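Below is one structure, written out as structure tokens, with a few remarks after it.
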Amino acid sequence: MSNEFGVREGEIAVDLPAKTDAGLYYIGRIRTPWKQRKDCPKNARESDAVCTVELDERWADGLKDVATCSHIILLYWMDKSPRNLVRQVPGHYGVPHGTFALRSPARPNPIAMSVVKLLRIAGGTLSVVGLDCLDGTPLLDIKPYFASTDSVPEAVVGWHKTKD
């Protein structure tokens, strides 16, 4: 675990299983202006920085028709995050919450997702806005964003509504 993600007061860490259950293929890398955790926006909507997704050339044919999408979902692996926290104290709230009640990158499987605005595609390179990850973050998948299916306007996160 990176020292940058030290356990805060009120947090709980667990021992990780001896081996993993599944394998993944990184399909590319994400290039952002952020080199350190402290510089990253706390969520993807906080930044209008243009970021670059560099898709491995073997997957380039999978981009057919992606250019017709205004927005896409990027799934990525927060490879620098700790994986053993079950209770966390977000720095900007200071109150403990269970890992699965948060969007924190610290989780057993540090899979993150962002709905990004697709600006353009040139070969296997996508220019997007709406990311919150470190430069060099491994890319897991790209999916089209369907507002009719993916948006749930009435959804709530109860603890977030009651924060001070």
**Complete:** How many residues of region 76-98 are surrounded by 15 or more Cβ atoms within 10 Å (Cβ to Cβ), not in a loop (DSSP other than H, G, I, E, B) and not hydroxyl-bearing (Ser, Thr, Tyr)? The answer is 5
**Item:** Pairs where the first residue, in region 133-153, is at positive phi and the second is surrounded by 12 or more Cβ atoms within 10 Å (Cβ to Cβ) and at pLDDT below 95, C-beta under 9 Å, 6+ apart
**Value:** GLY136/ASP79
**Request:** Report, by residue number, each residue of region 99-124 that is under 24 Å from SER151 (Cβ atoms), outside any strand (DSSP E or B) and touching a residue at least 24 places away in the same chain (Cβ under 8 Å).
**Result:** ALA101, ARG103, PRO105, ARG107
**Request:** Look at region 67-98 and say how many of its residues are hydroxyl-bearing (Ser, Thr, Tyr) and either within 10 Å of the chain's Cα centre (by Cα) or modelled with pLDDT of 95 or more (or both).
**Result:** 3
**Request:** Can you tell me which residue within region 37-60, out of those that are more than 13 Å from the chain's Cα centre (by Cα) and part of a loop (DSSP other than H, G, I, E, B), is surrounded by the most Cβ atoms within 10 Å (Cβ to Cβ)?
**Result:** SER47
**Message:** Suppose we keep only residues that are of a type in the set (S, T, N, Q) and modelled with pLDDT of 90 or more within region 138-164. Which one would you say is nearest to the chain's Cα centre (by Cα)?
**Reply:** SER151
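Whether any residue in region 32-49 is farther than 19 Å from GLY136 by Cα and either at pLDDT below 90 or not acidic (Asp, Glu) (or both) is what I want to check.
Applying the first criterion (farther than 19 Å from GLY136 by Cα) to region 32-49 yields 45-46.
Of the ones still in play, those that are also either at pLDDT below 90 or not acidic (Asp, Glu) (or both) are 45-46.
Within region 32-49, one or more residues are farther than 19 Å from GLY136 by Cα and either at pLDDT below 90 or not acidic (Asp, Glu) (or both).
Taking ARG107 as the residue in question, decide whether it is in contact with a strand residue (DSSP E or B) (Cβ under 8 Å, 6 or more places away or on another chain) and over 13 Å from GLY28 (Cβ atoms).
Criteria met by ARG107.
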**Prompt:** When THR68 is evaluated against the numbered criteria (1) surrounded by fewer than 13 Cβ atoms within 10 Å (Cβ to Cβ); (2) over 19 Å from ILE142 (Cβ atoms), which criterion, by number, is the only one it fails?
**Reply:** (2)
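Given the structure, is THR20 hydroxyl-bearing (Ser, Thr, Tyr) and surrounded by fewer than 12 Cβ atoms within 10 Å (Cβ to Cβ)?
So THR20 fits the description; yes.
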**Message:** Testing GLY23 on (1) part of a helix (DSSP H, G or I); (2) free of Cβ contacts under 8 Å to residues at least 12 places away in the same chain; (3) small (Gly, Ala, Ser), one condition comes back false. Which one is that?
**Reply:** (1)
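The values are calculated or read from the model by the stated rules, or taken from the named source; none is laboratory data. If you're wondering where the values come from, they're calculated on a predicted model, not measured in any experiment. Glycine gets a Cβ as well: all are built from the backbone with ideal geometry, and neighbour counts include every protein chain shown.
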